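Note sheet for the following structure.
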Amino acid sequence: MRSSNPVFSRRGFSRDNGYAGFNIAPQAGGAAVGTQGNPYAQPQAGNPYAQNPYAQQAPYGAPPQAPATTGRMTMDDVLMRTGTTLGILIVTAALAWALLPVDDANISRSYGIAIGAGLVGMVLALVQSFKRKASPALILSYAALEGVFLGVVSSVVDNRIASGAAMQAVLGTLAVFAAVLVAYKAGWIRVNRRFVGFVMAAALGFIALMAINLLFAVFGGGDGLGFRSGPLGILFGVIGILLGACFLALDFKQVEDGIAYGAPREEAWMAAFGLTMTLVWIYMEFLRLISILNSSD
């Protein structure tokens, strides 16, 4: 199954490109795929890494050898590449905040640059989403451009709508990340086929409604159907944050499966890409929600 994120359908550790995905079908013994503790077990259905180039093959009749770890993705790889991607995004956001002022004389130019950076970043993200292999250059370029967009948008909201909104959105995003991570590790969130199906259906419906609202706003003026203002805007802001939290759980499952199945090390970039996109989604929903709450005061 191909994993997805609230904005783009990205190729992660999915069967169609040779990487393990949300393979949750139980084995004969009752355990889920990818949770077996025996690295020498016979190849199992749904595990594309049961016989992978990174596992050592012991000669016939010889005692089993320890599995090779060189070239396989580890949690350290994921953390390092995610930190690099987010670090570039934060640096460019800070530079955009400082160098692209949003006062009356400059807001049109700054906002134009931000929109342009956001659109190019979206294109790069789409290209990466449909590539079979992770491209660090594309992912880091996306992060840099997305940072420019977020920096200007955050500055507009913080300086013109709600002072301190950017920091509140950052803290809210960190709180959601920590809460989902704790819940996932504690087993309170179980990523199974039903969970994935529900989240994907809810996300598609949410994005469709937002697209319709945008069309009505562009061609009809005002706030469109009101999905991004007033009480409905608050409701959809909360729903957007909850969807982001659900996709964080899918991201954690994807990383866990990639490590368990022995995905190649370069796939840590794909994990970093997915986590970054999800965190950006949550941050933007928090920023939008804070704006609505303050504009309704």
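The values are calculated or read from the model by the stated rules, or taken from the named source; none is laboratory data. Just so we're clear, the structure is a prediction, and the values are computed from it rather than from any experiment. Cβ coordinates were reconstructed from backbone atoms using ideal geometry, including for glycine residues, and neighbour counts include every protein chain displayed. Please note that ligands, DNA and RNA were not included when accessible areas were found on the heavy atoms of the full protein model with its side chains. Shrake-Rupley method; radii C 1.70, N 1.55, O 1.52, S 1.80 Å.
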With labels modelled as points extended 7 Å from the Cα through the Cβ direction, what inter-label distance (nm, one decimal) is found for residue 95 paired with residue 127?
-> 1.9
How much accessible area does residue 104 have with a 1.4 Å probe, in Å² rounded to the nearest 10?
-> 130
What list of ³J(HN,Hα) values in whole Hz, one per residue of the stretch 257-269 in order, does the Karplus curve 6.51 cos²θ - 1.76 cosθ + 1.60 (θ = phi - 60°) give from phi, with Gly and Pro shown as x?
-> 5, x, 5, 5, 8, x, 5, x, 4, 5, 6, 4, 5
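Specify whether the C-alpha gyration tensor of the stretch 129-236 places it in the rounded, prolate or oblate class, a ≥ b ≥ c being the square roots of the eigenvalues: rounded for a/c under 1.5, otherwise prolate if a/b is larger than b/c and oblate if not.
Working: a/c = 1.37, a/b = 1.23, b/c = 1.11.
The shape class here is rounded.
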Largest first, how would 293, 171 line up by accessible area (1.4 Å probe)?
-> 171, 293
SASA check, residue 266, accessible area w/ 1.4 Å probe, all protein chains in place, rounded to nearest 10 Å², comes out at 80
In whole percent, how big is the carbon plus sulfur part of the accessible area of the stretch 185-297, probe 1.4 Å, protein atoms only?
-> 69
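If you wrap a convex hull around the alpha carbons of the stretch 175-257, what volume per residue comes out, as a whole number of Å³? Don't jump to the answer; show the numbers that get you there.
Details: hull volume 8.3 nm³, N = 83.
Enclosed volume per residue, from the Cα hull, is 100 Å³.
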Interchain or long-range residues, amide H under 5 Å from residue 72's placed H | 265
Computed ³J(HN,Hα) along the stretch 274-288: with the Karplus parameters 6.51/-1.76/1.60, θ = phi - 60°, integer Hz and x for glycine or proline, the list is x, 5, 5, 4, 5, 5, 4, 4, 5, 4, 5, 5, 5, 4, 5
Roll a 1.4 Å probe over the protein chains and send me the accessible area per residue for the stretch 201-240 in Å².
-> 56
